[in-house]
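Q: Quick one: the structure is below, and I'll ask about it shortly.
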Amino acid sequence: MDKPPAARREGQEGRSYSGFLEIKQGEFSQRGIYYIRCACSRKLLLFGLGCAAIVLLALPSAGGGGDGTQKDGVCADMPILAKEQDVYPVDLLDRFLNGDLAGQQWYAMYTRSRREKEMMRRLRALDIAHCAPMIARPTRSPQGRIRTSHVPLFSNYVFVCGDDADRYTALTTNCVSRDVKVVDGLQLASDLERICQLIDRGHRLSPEPRLQPGALVRVRSGLFAGFEGTILRRDNERRLLLAVRFMEQGASVVLDDCEVERID
């Protein structure tokens, strides 16, 4: 088996693909080499003739950016993984609120630890309607990279919409710890729809594990016109708290230049 050369090469050219760089010229061009940049070194992972090896190369810096490259000695943002579908079907909430799903019931499924995404994938495969809002969460690695992942806004909760047969099938996914029947499905669907609207508009939401008492207000102008919630003040910010009343939880979003009125 041929061993891949381990010599250092300079002047290689290539293009950046989400943190990886494919060599287009030079003796490695026919072997499918992909560039991996990390905080401590530059390495190439070589696949060819059934062998794999790490080859150190001196490649020119591609500059900073959102592709995982280095800038001023610090790794920049890693690519954001695609968000999974968190409402299935996509018009579920609209159809329920419009009365098109008569006879369907909401169930709050409390999942086992870190099993929300797995459960949603299985529910989609079983064609069972469900909702579990997902938000983007950036984290910084010890090497300085910013990684963004999509996580459930309400940990361990997946809301299933269906009949008794759908409920039973959802329980057989082996992802559920317990479930609760939602008494007021219209209120739950309305609360979830408002939260999903803000997520779709790109606003950054913060989970609120416990609702705080306060005056109920309606936003009269600005980006959130028409939304109702409670005003919170935290860290010199004014935030609008959107409640999911069934759970005694909610989410908050920063209010900027919005006029509100109190709801009696």
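The values are calculated or read from the model by the stated rules, or taken from the named source; none is laboratory data. Note that this is a predicted model, so its numbers are computed, not measured. For neighbour counting, all protein chains shown are included, and Cβ atoms are generated from backbone atoms with ideal geometry for every residue, glycine included.
Q: How many of the residues in segment 129-178 are in contact with a Phe, Trp or Tyr (Cβ under 8 Å, 6 or more places away or on another chain), over 22 Å from residue 203 (Cβ atoms) and part of a loop (DSSP other than H, G, I, E, B)?
A: Adding up the residues that qualify gives 1.
Q: Sort through 244, 180 and tell me the only one that's within 26 Å of residue 105 (Cβ to Cβ) and either modelled with pLDDT under 85 or basic (Lys, Arg) (or both).
A: 244
Q: Right, next: Can you confirm whether segment 189-204 contains a residue that is surrounded by 20 or more Cβ atoms within 10 Å (Cβ to Cβ), of a type outside the set (S, T, N, Q), modelled with pLDDT of 95 or more and within 29 Å of residue 103 (Cβ to Cβ)?
A: yes
Q: Can you give me the number of residues within segment 151-199 that are closer than 19 Å to residue 84 by Cα, without any contact (Cβ under 8 Å) to a residue 24 or more places away in the chain and β-branched (Val, Ile, Thr)?
A: 1
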